[in-house]
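To start, the structure itself, in structure tokens.
The values are calculated or read from the model by the stated rules, or taken from the named source; none is laboratory data. Not measured: the values here are computed from a predicted model. All Cβ positions, glycine included, derive from the backbone under ideal geometry; neighbour counts span all protein chains shown. These area figures cover heavy atoms from the full protein model, side chains too; ligands, DNA and RNA do not enter into them. Shrake-Rupley method; radii C 1.70, N 1.55, O 1.52, S 1.80 Å.
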Amino acid sequence: MTTILCVSHVCPWPARHGNELRLQRLIGWMRRRGYRVILVLTASDVDRQRTELTGRHVDRLELPCQTTLPGRIRRLLARWRAWCASRRSGRHPVGGPHDGGGMRQLADVLCPADVRRLVRRVTREEPVDIHVAFYAFALPAFGHVERRETVICDTVEAFSMPRHDPDGSPIAATLSVPRDEERSMLLGCGQILAIQRVEAEYFAGLVPERPVATVGMDQHVPAAAGPPSAAPERIGIIGAPNRANVDGLRLFLAECWPMIARLAPDGRLWIAGQLGAAIRTHLADALPEGVETIGNVEDVADFYRQVRVVVNPVHGGTGLKIKSIEALAHGRPVVTFPIGCEGIEPGAERALWVCERPDGMATACATLLRDPAACDRMGAAAREFAATALAADHVYAPLARIIDTLTGRRADAPGPAETSPAGARAVPSA
């Protein structure tokens, strides 16, 4: 049996944010394929309920033991050293909203020495075939691994990749690092996974010495929830309260919603998830007329059944826009800015209405609310796309081929070719 050891600073169950959901889906696919999965969480302060739930979904779960005074002191010293190093370099302290670098300092905090010792102990206790670092910050945990090609970095995001608005203005990132820092970290692995093709092309140019594969995230396509026209004239927005989501929603409420209210007076807006609470705080609890926050959603499918159109108004951020592909899987048209569909495979164009400006987004939303037939056509296209492009066997096929090649197994799951831009070495096929 192939054994895969994953190291992560996020706990995947229950998934409350996109990166947690990414790891949860990835581990779920690994176990369905028959791999033995060992998960090492780098934080010792995960609450018991979450660790017990996560432990039921993996074959072995390990956390660093830092309940003793020496353990707590080591963690504090690690944080202090990282802060001092960033101060000496003239950068913002690690953990600030605009970290100008310090990727290795952040790795020292998220993957400290006690975690690295724990990983070495686990690899001594049982043979490990594949080593997966969730984010580059976890790569130091595998510094002792001799077969470097078996170390895979699931990058999740590209932290040194510049981002720009449609008008060319740079987008401020939550964590931004120089190219040479991210390159230096990624040289510590043997294989690079990018969550979407734009970032795969970037990594291929950044680290041409390493193979790069595009491995997105699968989405379950539920039973047909009925055509969008069966739902009320309601727009839906759902998300976590990260800065990109909050900024995008504020822009939508300020510049799009007044125009939508004029063009489609019967239209309503639902804001779901923790994003709703965050926007209430920003607006001092004074939401525009026709806008309602509904809090966390127990049944996501039920949320999508009750909205006709889904908007993803983010105009910043990195990685794959999970809420866009989730809406497509539930058969709902998606209105978004270009970055909201970045990395989605070709074939989804008929289900996406991509807008360059806020007034275009307002027009698109109002048009779909007033044109049920057009809404249904886009919804059907969304489900058709999701049924193939978002299926697990398709999404994870490049990773399956990497694992099968490294372990000498015969690949048995066909899938899309890996991203191999100029300068990148293609991932070998079994």
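Here are the numbers for the structure shown:
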{"item": "Those residues of region 43-67 which are in a loop (DSSP other than H, G, I, E, B), at pLDDT 95 or above and among the β-branched types (Val, Ile, Thr), in sequence order", "result": "58"}
{"item": "Pairs with Cβ under 6 Å, 6+ apart, first in region 1-14 and over 20 Å from residue 120 (Cβ atoms) and open to solvent by 10 Å² or more (accessible area, probe 1.4 Å), second in a strand (DSSP E or B) and of a type in the set (D, E, K, R)", "result": "1/36"}
{"item": "Hits in region 124-155 - residues which are part of a helix (DSSP H, G or I), open to solvent by 30 Å² or more (accessible area, probe 1.4 Å) and closer than 22 Å to residue 400 by Cα", "result": "148, 149"}
{"item": "Checking residue 181 against (1) open to solvent by 10 Å² or more (accessible area, probe 1.4 Å); (2) assigned to a loop (DSSP other than H, G, I, E, B), the condition it does not meet", "result": "(2)"}
{"item": "Subset of region 265-304 that is over 13 Å from residue 238 (Cα atoms) and in contact (Cβ under 8 Å) with a residue 40 or more places away in the chain - its residue that is most open to solvent (accessible area, probe 1.4 Å)", "result": "266"}
{"item": "Residues that are open to solvent by 30 Å² or more (accessible area, probe 1.4 Å) and among the polar types (S, T, N, Q), drawn from region 188-226", "result": "214"}
{"item": "Residues satisfying the stated conditions in region 240-252, i.e. of a type outside the set (Asp, Glu) and either surrounded by fewer than 20 Cβ atoms within 10 Å (Cβ to Cβ) or on the phi > 0 side of the Ramachandran plot (or both)", "result": "240, 241, 242, 243, 246, 250, 251"}
{"item": "Checklist (1) in contact with a helix residue (DSSP H, G or I) (Cβ under 9 Å, 6 or more places away or on another chain); (2) without any contact (Cβ under 8 Å) to a residue 24 or more places away in the chain; (3) closer than 20 Å to residue 17 by Cβ applied to residue 349, failing item", "result": "(3)"}
{"item": "Qualifying residues in region 394-430 (those that are at pLDDT below 95 and of a type in the set (Asp, Glu)) - the one farthest from residue 3 (Cα to Cα)", "result": "418"}
